[in-house]
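Structure, as structure tokens:
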Ligand SMILES: Nc1ncnc2c1ncn2[C@@H]1O[C@H](COP(=O)(O)OP(=O)(O)OP(=O)(O)O)[C@@H](O)[C@H]1O
Ligand SMILES: [Mg+2]
């Protein structure tokens, strides 16, 4: 069995006095793609943000429970946030390249991590853009503003940016829902390729997408994890009736 990279134990999160997560227990294994699915508002993005402490940036949140990354408690006061977000990167629904050149977008995280060696940065920029399958589109335009590319291209640039610091885990929050079908399927292909080297945790509303590319699926509802397991098994024979109803489009 693959090694567990992230382990969440009894995670509860409240915004003010609204409890959005009611005690989530879920583990993620190395070099697998886990899909988080469930109706709108069930807490998928909230849970995803807990995994690299992006919720720290939202006022008035309280979190309890424990999240271990590589065996370390990420909510411990000793945790170095820059380090954590280098190891656990993130890609959002709307492509969010910074308003500067493609090159500088990819180099950004490396420079933040203190890398100064120009050759190393050049090499990583090229390698990451290749991994995200966008190198051919941008190699002659590395100086062009990253926001001056198509949505699908921008999303690949964001994936390359996340990969540049060699994270262990990449969190993706509906990474293809703002894209056209062709760009979406290209990104799916890329993720399938990349999961040999990285661990992905991806929120998606697209059940076909979850069944095509995820190894495991976790189904959330109203702030609870209803069930989690191997994707094929869950799509063929889920444990719970409610999961089956959701997967069959009876609500949600
Ligand atoms: N910053 C916030 N402040 C207060 N409540 C929030 C905040 N962000 C989310 N919530 C609430 O927490 C609950 C879970 O929201 P969350 O965004 O995690 O759901 P989701 O499953 O990602 O939904 P969607 O599929 O629509 O993106 C919702 O009731 C939402 O209104
Ligand atoms: Mg969401």
Subject >> Search result, residues across region 67-94 that are in contact with a strand residue (DSSP E or B) (Cβ under 9 Å, 6 or more places away or on another chain), away from ligand 2 (no atom under 16 Å from the Cβ) and either more than 18 Å from residue 201 (Cα to Cα) or part of a loop (DSSP other than H, G, I, E, B) (or both) >> reply: 70, 71, 73, 74, 75, 78, 79
Original post:
If residue 80 satisfies every condition in (1) away from ligand 1 (no atom under 16 Å from the Cβ); (2) within 20 Å of the chain's Cα centre (by Cα); (3) surrounded by 15 or more Cβ atoms within 10 Å (Cβ to Cβ) but one, which is the exception?
Top reply: (3)
Subject >> Test: residue in region 56-66 that is without any contact (Cβ under 8 Å) to a residue 40 or more places away in the chain, in contact with a helix residue (DSSP H, G or I) (Cβ under 8 Å, 6 or more places away or on another chain), more than 20 Å from residue 219 (Cα to Cα) and within 14 Å of ligand 1 (Cβ to nearest atom) >> reply: yes
**OP:** Answer yes or no: is there a residue in region 31-51 that is more than 16 Å from ligand 2 (Cβ to nearest atom), in contact with a strand residue (DSSP E or B) (Cβ under 9 Å, 6 or more places away or on another chain) and without any contact (Cβ under 8 Å) to a residue 24 or more places away in the chain.
**Re:** no
Subject >> Residue check, residue 72 modelled with pLDDT under 95 and closer than 25 Å to residue 215 by Cβ >> reply: no
Original post:
Is it true that some residue in region 37-53 is within 12 Å of ligand 1 (Cβ to nearest atom), within 14 Å of the chain's Cα centre (by Cα) and either in a strand (DSSP E or B) or surrounded by fewer than 13 Cβ atoms within 10 Å (Cβ to Cβ) (or both)?
Top reply: yes
**OP:** Sort out which residues of region 83-92 are more than 16 Å from ligand 1 (Cβ to nearest atom) and either touching a residue at least 60 places away in the same chain (Cβ under 8 Å) or surrounded by 13 or more Cβ atoms within 10 Å (Cβ to Cβ) (or both), and write them in order of number.
**Re:** 84, 85, 86, 87, 88, 89
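If I filter region 1-30 down to residues being outside any strand (DSSP E or B) and touching a residue at least 40 places away in the same chain (Cβ under 8 Å), which single residue comes out as nearest to residue 56 (Cα to Cα)? Let's see the steps before the verdict.
Keep residues of region 1-30 that are outside any strand (DSSP E or B), which gives 1-3, 16-17, 30.
Right, trim to touching a residue at least 40 places away in the same chain (Cβ under 8 Å) and you get 16, 30.
Values: 16: 13, 30: 25 Å.
For region 1-30, the residue satisfying everything is 16.
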Subject >> Among (1) at negative phi; (2) touching a strand residue (DSSP E or B) at 6+ places or on another chain (Cβ under 6 Å); (3) crowded, with 20+ Cβ neighbours inside 10 Å, the one test that residue 226 misses >> reply: (3)
Original post:
Looking at 233, 209, which is the one that is in a helix (DSSP H, G or I), within 16 Å of ligand 2 (Cβ to nearest atom) and out of contact with any strand residue (DSSP E or B) (no Cβ under 6 Å at 6 or more places or on another chain)?
Top reply: 209
Subject >> Residue that is modelled with the highest pLDDT [pool: residues in region 102-118 that are in a loop (DSSP other than H, G, I, E, B) and surrounded by 11 or more Cβ atoms within 10 Å (Cβ to Cβ)] >> reply: 115
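The values are calculated or read from the model by the stated rules, or taken from the named source; none is laboratory data. Keep in mind that this is a model prediction, so the values were computed, not measured. We place every Cβ from the backbone using ideal geometry, glycine too, and count neighbours over all the protein chains shown.
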